[in-house]
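Following: one structure in structure tokens, then a few remarks.
The values are calculated or read from the model by the stated rules, or taken from the named source; none is laboratory data. If you're wondering where the values come from, they're calculated on a predicted model, not measured in any experiment. All Cβ positions, glycine included, derive from the backbone under ideal geometry; neighbour counts span all protein chains shown. Please note that ligands, DNA and RNA were not included when accessible areas were found on the heavy atoms of the full protein model with its side chains. Shrake-Rupley method; radii C 1.70, N 1.55, O 1.52, S 1.80 Å.
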Amino acid sequence: PSPLNYGGFPKSVCTSINECICHGIPDSRPLQDGDIVNIDVTVFLDGHHGDTSRMFLVGDSVSEEAKRLVEVTKESLDAAIAICRPGAAFKEIGSAIQKVANANKMNVVKSFVGHGVGRVFHSSPVILHYPNREKGVMEIGQTFTIEPMLTLGSIKPKIWADEWTAVTADGSLSAQFEHTLLITEDGVEILTKL
């Protein structure tokens, strides 16, 4: 597992529950009926890292608001992937995500980004999930992640004393989905799709 001891991260995966935006450290807290949880997994196989995450609904009491947040976050990732192809501007990713979020009155976290991935866990390009003016276009053979994080409230993170766990400043729910992508001659391949 790539995250274990990466920059001092103490576990093999990230588990981000409810108001946790990302980088939650797994602990002994039992999941409760109604929670939403993101599990972020990165493996190192045959000399390459593959980074992915998805949301899970816990039990039968997840609120409709939380379910909708999870659905819209997945839709925003799908919209961003749909624009990926050789020659596409990286800045289009952020615009696609923001359009989905705006249409559903949700907010996009700006403090965390997608990234190049492959032989190195985190590399260029930096993938912004909101409208931006960054330069750069996608090229055949590039691998990178898209990992939008949406909230129902504040987009400002509050970092816990563990120096990893990032939660919404106002305690509002947050959701995230992520895939590792490869730009191909024909468009894009999702390398972390099951």
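Picking from V58, V108, V72, which is most flexible by a Gaussian network model of the chain using Cα springs under 10 Å?
With Cα springs under 10 Å in the chain, the top fluctuation among V58, V108, V72 is at V58.
What is the set of long-range amide H partners of V137 at a cut-off below 5 Å, with H atoms built 1.01 Å from backbone N?
F90
Accessible area of the chain with a 1.4 Å probe: how many percent of it is carbon plus sulfur?
Exposed carbon and sulfur together represent 53 percent of the surface.
Lysines near K135 by alpha-carbon distance under 23 Å, same-chain residues fewer than 8 away left out - which ones?
Output for K135: K91, K99, K110.
Whole-Hz ³J(HN,Hα) for each residue in the range 25-39, computed from phi via Karplus 6.51 cos²θ - 1.76 cosθ + 1.60 with θ = phi - 60°, x for glycine and proline: what do you get?
So the Karplus estimates, Gly and Pro as x, are 8, x, 9, 8, 4, x, 5, 10, 3, x, 5, 10, 9, 9, 10 Hz.
For a test of the definition: using alpha carbon positions, the gyration tensor, and the 1.5 limit on a/c, classify the range 27-74 as rounded, prolate or oblate.
In terms of gyration-tensor shape, oblate.
Mean-square fluctuation check for the chain, GNM, Cα pairs under 10 Å: which of S76, S16, S61 is largest?
Among S76, S16, S61, the largest mean-square fluctuation in the Gaussian network model of the chain belongs to S61.
Between the alpha-carbon centers of the range 78-96 and the range 1-44, tell me the distance in whole angstrom.
With the range 78-96 and the range 1-44 each reduced to a Cα centre, they are spaced 27 Å.
Of the peptides 94-105, 125-136, how do they stack up when ordered by the mean number of other Cβ atoms within 10 Å, highest first?
Highest mean packing first, the order is 94-105, 125-136.
Classify the range 81-126 as rounded, prolate or oblate, taking a ≥ b ≥ c as the square roots of the eigenvalues of its Cα gyration tensor: rounded when a/c is under 1.5, otherwise prolate if a/b is larger than b/c and oblate if not.
In terms of gyration-tensor shape, oblate.
Is it possible to state the helix-based mean residue ellipticity at 222 nm for the chain, with each DSSP H run of 4+ residues giving -39500 (n - 2.57), the sum divided by total residues, to the nearest 500 deg cm²/dmol? What is it?
Helix-only estimate at 222 nm: -5500 deg cm²/dmol.
Shape verdict for the range 130-181, please, from the Cα gyration tensor: rounded (a/c under 1.5), prolate (a/b greater than b/c) or oblate.
Prolate, since a/c reaches 1.5 and a/b exceeds b/c.
Taking amide hydrogens as modeled 1.01 Å from N in the peptide plane, which residues meet the under 5 Å criterion relative to M149, leaving out close sequence neighbours?
For M149, the qualifying residues are V109.
At 7 Å along the Cα-to-beta-carbon direction for both V43 and K135, put a label point, then send me their distance in nm to one decimal.
In this crude spin-label approximation the distance works out to 3.9 nm.
Whole-Hz Karplus ³J(HN,Hα) for the range 100-110, in order, using 6.51 cos²θ - 1.76 cosθ + 1.60 and θ = phi - 60°, x for Gly and Pro?
Result, rounded to whole Hz: 5, 4, 4, 4, 10, 6, 10, 10, 9, 5, 9.
From the list (1) 16.0, 46; (2) 18.6, 60; (3) 20.6, 63, can you say which value of Rg and Dmax of the Cα atoms in Å was derived from the structure given?
Derived directly from the coordinates: (1).
Pop out the ³J(HN,Hα) list for the range 153-169 in order, Karplus 6.51 cos²θ - 1.76 cosθ + 1.60 with θ = phi - 60°, rounded to Hz; leave Gly and Pro as x.
x, 4, 9, 7, x, 10, 8, 6, 4, 6, 6, 10, 5, 10, 10, 5, 4
Could you state the accessible area per residue of the range 50-194 in Å², with a 1.4 Å probe and every protein chain left in place?
Dividing the accessible area of the range 50-194 by its residue count gives 50 Å².
Counting only C-alpha contacts under 8 Å and six or more residues apart, can you give the relative contact order of the range 1-104 as a whole percent?
Relative contact order for the range 1-104 comes out at 18 percent.
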